[in-house]
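Student: Pasting a structure below so you can have a look.
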Amino acid sequence: MATVGELETTNVLDIDDLSPTEVETVLDRAAALKAGEDDVQFPQATLAMLFEKPSTRTRVSFETGMTQLGGHAIFLGPDDVHLGHGEPVKDTARALSGYVDAIMARLFDHADLEELAEYATVPVVNGLTDDAHPCQTLADLLTIRETFGDFDVQATWVGDGNNVAQSFVLGCALAGVDLTVATPEGYGIDDAVLSQAAELGGTPETTTDPESAVADADVVYTDVWVSMGQESQREEKLAAFDDFQLNDGLLADTDAKVMHCLPAHRGEEITDGVLESERSLVWQQAENRLHAQNGLLAELLS
């Protein structure tokens, strides 16, 4: 593959498109940019941002990040680009590649993202699909490293084995973070993701018992139980996840820090008290979306 900056890939569709060394490179660059120790600039560079799903953090962090890096970002929402409907994905990919220096896409179908990357001639970054959220994982790993100093950490995921969880499983495997995943029966991590984590050297423990999962944790991570597009499953999922809420009872016997990728449904997967407590890393984690993505963009655009 052609080398772009320090990376041996031009596209980041999931976190395991990066090697362990490349994850470290991106996080080091992110930390340096955050600390003001790196002032790399990409004047006149343009990032196209394709959105099928709305988001506060993804749009603002990428748009602000490109401004900080000396470039420009263009927002293209569902009413601006009918990806795969009004125009084939491959046509959008090739046309945009003639205008911009990189593409970030926040889509429903991961296959659309893969087709976008196949036909684009500029770097493509996944801003979230139904299968994966690698930029969130980079922010998560940056937050863990800032908080604990390294990755000699016991992390626990409690809740739904969703796209954020699946990328976090792979990210922990790449970074060497010990991970336990606690989900209700039928809502676990895909077997293919667990197999890929094993190939990367990770051996996440899986359980349906949230109490045992958090007992030895240094950090406990959760996300919403009902994601965008799953509204019809709401009542079913709320019943299945009843014992998986991050609350004072579940966390009573641990000093573990708490993470959440936001937006949070306070009173469902996490209580207001836990989210606002001193153990919460949530706002540091949210800010680190900006810095982690800046580190990634700096490497891809170099």
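The values are calculated or read from the model by the stated rules, or taken from the named source; none is laboratory data. Everything numeric in this text was worked out from a predicted model, so none of it was measured. We place every Cβ from the backbone using ideal geometry, glycine too, and count neighbours over all the protein chains shown.
Student: For region 218-302, please list each of the helices (runs of 4 or more DSSP H) lying entirely inside it that holds at least 1 residues being in contact with a Lys or Arg (Cβ under 9 Å, 6 or more places away or on another chain).
Tutor: 272-275, 282-301
Student: Out of the residues in region 50-78 meeting the condition of being surrounded by 15 or more Cβ atoms within 10 Å (Cβ to Cβ) and among the hydrophobic types (A, V, I, L, M, F, W, C), tell me which one is nearest to residue 283 (Cα to Cα).
Tutor: Checking each candidate, the answer is 62.
Quick grid of which residues meet (1) surrounded by fewer than 24 Cβ atoms within 10 Å (Cβ to Cβ); (2) of a type in the set (A, V, I, L, M, F, W, C); (3) assigned by TED's automatic domain parsing to the domain that holds residue 24:
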residue	(1), (2), (3)
87	yes, no, yes
91	yes, no, yes
97	yes, no, yes
103	no, yes, yes
106	yes, no, yes
110	yes, no, yes
117	yes, yes, yes
121	yes, no, yes
125	no, yes, yes
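Student: So which of 278, 287 is over 30 Å from residue 9 (Cβ atoms) and either aromatic (Phe, Trp, Tyr) or surrounded by fewer than 20 Cβ atoms within 10 Å (Cβ to Cβ) (or both)?
Tutor: 278
Student: Can you find a residue in region 157-166 that is among the hydrophobic types (A, V, I, L, M, F, W, C), assigned to a helix (DSSP H, G or I) and closer than 15 Å to residue 220 by Cα?
Tutor: Within region 157-166, one or more residues are among the hydrophobic types (A, V, I, L, M, F, W, C), assigned to a helix (DSSP H, G or I) and closer than 15 Å to residue 220 by Cα.
Student: Could you tell me whether region 102-119 includes any residue that is of a type in the set (Phe, Trp, Tyr) and assigned to a loop (DSSP other than H, G, I, E, B)?
Tutor: Scanning region 102-119, I find at least one residue that is of a type in the set (Phe, Trp, Tyr) and assigned to a loop (DSSP other than H, G, I, E, B), so the answer is yes.
Student: Looking only at residues that are in contact with a Cys (Cβ under 9 Å, 6 or more places away or on another chain) and of a type in the set (Gly, Ala, Ser) in region 257-292, which one is farthest from residue 125 (Cα to Cα)?
Tutor: Of everything passing the filter in region 257-292, 286 is farthest from residue 125 (Cα to Cα).
Student: Sticking with this structure for a sec: Within region 21-49, take every residue that is part of a helix (DSSP H, G or I) and charged (D, E, K, R) and give me the one that is surrounded by the most Cβ atoms within 10 Å (Cβ to Cβ).
Tutor: 29
Student: What pairs come up if the first residue lies in region 116-133 and is polar (S, T, N, Q), the second is part of a loop (DSSP other than H, G, I, E, B), and their beta carbons are under 7 Å apart, counting only those six or more places apart or on different chains?
Tutor: 126/13; 126/14; 126/132; 129/107; 129/108; 129/109
Student: Name the single residue that is surrounded by the most Cβ atoms within 10 Å (Cβ to Cβ) among those in region 177-209 being out of contact with any helix residue (DSSP H, G or I) (no Cβ under 9 Å at 6 or more places or on another chain) and either touching a residue at least 60 places away in the same chain (Cβ under 8 Å) or more than 30 Å from residue 21 (Cβ to Cβ) (or both).
Tutor: Among those residues, the one meeting the criterion is 208.
Student: On to the next question. Answer yes or no as to whether residue 290 is touching a strand residue (DSSP E or B) at 6+ places or on another chain (Cβ under 9 Å) and either within 18 Å of residue 164 (Cα to Cα) or not assigned by TED's automatic domain parsing to the domain that holds residue 32 (or both).
Tutor: So residue 290 does not fit the description; no.
Student: Inspect all residues belonging to region 153-173 and state whether any of them is assigned by TED's automatic domain parsing to the domain that holds residue 271 and over 17 Å from the mean Cα position of the chain (by Cα).
Tutor: Checking region 153-173: at least one residue is assigned by TED's automatic domain parsing to the domain that holds residue 271 and over 17 Å from the mean Cα position of the chain (by Cα).
Student: Just wondering, is there one or more residues in region 211-218 that are among the β-branched types (Val, Ile, Thr) and either touching a residue at least 40 places away in the same chain (Cβ under 8 Å) or surrounded by fewer than 16 Cβ atoms within 10 Å (Cβ to Cβ) (or both)?
Tutor: yes
Student: Also, quick follow-up: Out of the residues in region 75-91 meeting the condition of being of a type outside the set (Gly, Ala, Ser) and within 21 Å of the chain's Cα centre (by Cα), tell me which one is farthest from residue 38 (Cα to Cα).
Tutor: Looking at residues that are of a type outside the set (Gly, Ala, Ser) and within 21 Å of the chain's Cα centre (by Cα), I get 76.
Student: Against the definition (touching a Leu at 6+ places or on another chain (Cβ under 8 Å), in the same structural domain as residue 114 (by TED's automatic domain parsing) and closer than 16 Å to residue 139 by Cβ), how does residue 40 come out, yes or no?
Tutor: Answer is no for this residue.
Student: Ok, one more. If residue 55 meets every condition in (1) within 23 Å of residue 299 (Cβ to Cβ); (2) modelled with pLDDT of 95 or more apart from one, which number is that one?
Tutor: Answer for residue 55: the failing condition is (2).
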